[in-house]
Amino acid sequence: MKRFNYKAKEKETGKIVKGNIQAENEQTAGRLLIEQGYIPQSVVEEGTGLFGNKSRVTGKDRIMFTRQLSTLIGAGLPLATSLRTVAEQTQGKAMKAIVEEILTNVESGKTLYDSFSQYPDIFNGVYLALIRAGETSGTLDLALKRLADQEEKDAAMMSKIKGALVYPAIILVVIIAVLAFMMVMVVPQVKDLYEDMGEELPGLTQFLVNISDFFGAFWWLVLLIVAAIAGAIWYAVKKTPVGRRISDTFKLNVPIFGGLFRKLYVSRFARTAEMMLATGVPMLDSVKIAIDATNNVVVESEYSKSLETIKGGKPLSEALKDRNYMLPLVPQMASIGEESGKIDEMLGKAAQVYENELDEQINNISTMIEPILMVIMAGLIGVVVGGTLLPIYSLVNSVAT
C-alpha cells in the first residue's frame with residue numbers, strides 16, 4: 001500500500017480539505033475519495049513532486065524505532081501495544097506514518113513480517129529475515145535488538161569513513177579557492193603589466209594566462225560540462241548494471257581505500273551471517289542474505305559461487321576458502337565454529353577483528369592523506385606563484401639595469 005497526499009472539495013459544503021490516504025495507486029486513491037464524498041483536486045504520492053519528499057525515513061529513525069520496539073516487547077508488552085507506544089514517541093513524520101500503518105496491519109491480523117515487507121525500501125532483506133525468524137522462534141525482541149546493534153555499528157563505521165574524507169575534501173576546496181583567486185585576480189594583472197611594458201610573457205606565465213582567459217570567457221561552459229559529467233556518472237552508477245559493476249570494481253581496487261572496502265564487505269558478510277545463524281535462520285538462507293548485505297555486486301557475484309558448494313553438502317568454511325575478495329580469517333573461524341558447534345560466535349569474532357582493523361586503518365588513512373594533500377597543494381600553488389611572481393622580478397631587474 002502506498003500513501004498519498006490529497007486536496008479535495010466536499011460535495012455538500014464545497015469546503016476544501018487536505019489529508020492523506022492509503023491506496024494501491026493514484027486512481028484507487030481518487031476513487032476512495034469519491035466514495036467518501038469528496039471531489040479530488042490533487043492526489044500525489046508521498047515522496048514525489050518537484051522537490052521530492054521533504055520527510056523521509058533516516059537510518060537514525062529506523063534504529064530508534066527498532067531499539068524502542070525491542071525494549072517494549074522484551075518488557076512483556078503485547079505487539080500492538082508496543083507498536084502504538086513507539087508510534088506515539090516517534091518524531092519523524094515519515095517513520096511515524098509507517099509505524100501507524102504497520103500497527104493497522106497487525107491489528108487487522110497480519111504478521112509483523114508481512115507488515116514490514118510492504119516497505120522494502122525501508123526494511124531490507126536482512127531486517128525482514130530476522131523479523132521472520134524472531135516471530136517463528138518467539139525471540140522477536142532479541143532479533144530486533146540484534147538489528148539495532150548491527151545498524152548502529154554500520155552507521156558508526158560509515159560515519160568514520162565519511163569523517164576520514166572530510167579533511168581531504170576541505171583541503172581540496174582550499175586548493176581550488178586559492179588557485180581560482182590567483183588565476184582570476186593575479187594572473188590578469190601580470191598580463192596587463194607585461195603588455196604595458198611591451199615585453200613578451202614567459203612560457204609558464206603565458207600558459208597560465210591562456211587558462212585564465214579561457215575560464216574567464218567560458219566559465220559557464222566548464223560548469224555545464226562538469227555538471228553533465230557528474231550527472232552521467234551518477235546515473236550510470238545508480239541506474240545501470242554496467243555502471244554499478246564498474247563502480248564496485250573500482251572500490252575494490254582503488255589505491256589506499258581498496259583494502260578498506262574489502263574489509264568492510266567481509267565484516268558485513270560475517271556479521272550478517274552471525275545474526276542470521278544465531279536467530280535460527282537455515283545455513284543456506286543465512287549465507288544468501290549475508291551475501292546481499294555486502295552491497296557490492298562484484299563481491300556478491302564471487303561470494304554467490306559458494307552457494308553451490310553448500311548445496312552440495314560441503315561446510316561453509318570450505319565453500320568460502322580461496323574465494324576472491326574473501327579474507328582468510330573468515331573461513332578459518334568458520335572451520336573452528338563447525339568443529340565446536342558455535343559457528344555463529346566464530347563468525348562474529350571474525351567480523352569484530354576486521355571491524356577493529358577498519359577503525360585503525362581509517363585513522364591511518366586520515367593521517368597519511370594530510371601530508372600528501374599538503375604537498376600537492378604546495379606544488380600547484382608553487383606553479384602559479386612561479387608563473388606570476390618570477391616574471392615580475394624579471395621586469396624589475398630589466399628596468400633596474
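Each value in this text was obtained by applying a stated rule to the coordinates, not by laboratory testing. Just so we're clear, the structure is a prediction, and the values are computed from it rather than from any experiment. Reconstructed Cβ throughout: ideal geometry from the backbone, glycine too, with neighbour counts over all protein chains shown.
Okay, here's what the table says:
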{"read-out": "Under 17 Å from the Cα of Lys11 - aspartates and glutamates, other chains or at least 8 residues apart", "value": "Glu35"}
{"read-out": "Global size of the range 127-219 as Cα Rg and Dmax, reported in angstrom", "value": "28.8, 89"}
{"read-out": "With Cα atoms, 0 to 90° folded angle of helix 283-293 axis to the chain main axis", "value": "30 degrees"}
{"read-out": "Once the Cα gyration tensor of the range 1-157 is diagonalised, semi-axes √(5λ) in Å", "value": "33, 17, 13"}
{"read-out": "The range 154-401: relative contact order in percent, alpha carbon pairs under 8 Å with at least 6 residues between", "value": "25 percent"}
{"read-out": "Helix-only CD estimate at 222 nm, as mean residue ellipticity for the chain, using -39500 (n - 2.57) per DSSP H run (n ≥ 4)", "value": "-24500 deg cm²/dmol"}
{"read-out": "Spatially proximal aspartates and glutamates relative to Lys314 (Cα-Cα < 16 Å; intrachain offsets below 8 disregarded)", "value": "Asp285, Asp322, Glu338, Glu339"}
{"read-out": "Equivalent ellipsoid dimensions for the range 59-151 as semi-axes, Å, which come from the Cα gyration tensor, largest first", "value": "16, 15, 14"}
{"read-out": "Cβ-derived FRET efficiency at R0 60 Å, Val297 paired with Ala217, nearest 0.05", "value": "0.90"}
{"read-out": "Choice from Ala155, Ala87, Ala378 showing the highest fluctuation, given a GNM over the chain with Cα pairs closer than 10 Å", "value": "Ala378"}
{"read-out": "As computed over the range 2-45, the Cα convex hull volume per residue (Å³)", "value": "49 Å³"}
{"read-out": "Between 0 and 90°, nearest 10: helix 329-340 axis offset from the chain longest Cα axis", "value": "20 degrees"}
{"read-out": "Lysine pairs within the range 102-225, Cα separation less than 23 Å, 8 or more sequence positions apart or different chains", "value": "4"}
{"read-out": "Alpha carbon centroid spacing (whole Å) that separates the range 320-363 from the range 220-271", "value": "26 Å"}
{"read-out": "Choice from Glu151, Glu318, Glu35 with maximal GNM fluctuation in the chain (Cα, 10 Å cutoff)", "value": "Glu35"}
{"read-out": "Nearest-ten-degree value, helix 203-239 long axis tilted from longest Cα axis of the chain", "value": "10 degrees"}
{"read-out": "For Leu179, Leu327, Leu147, order by how many other beta-carbon atoms lie within 10 Å, fewest first", "value": "Leu179, Leu327, Leu147"}
{"read-out": "Cα pair distances exceeding 33 angstrom across the chain, given as percent", "value": "55 percent"}
{"read-out": "Burial ranking of peptide ranges 216-224, 125-133, 269-277 (average Cβ count within 10 Å, highest at the top)", "value": "269-277, 125-133, 216-224"}
{"read-out": "Residues of type lysines that Lys15 reaches as a straight line, Cα spacing below 30 Å, ignoring anything fewer than 8 places off in the same chain", "value": "Lys2, Lys7, Lys54, Lys93, Lys96"}
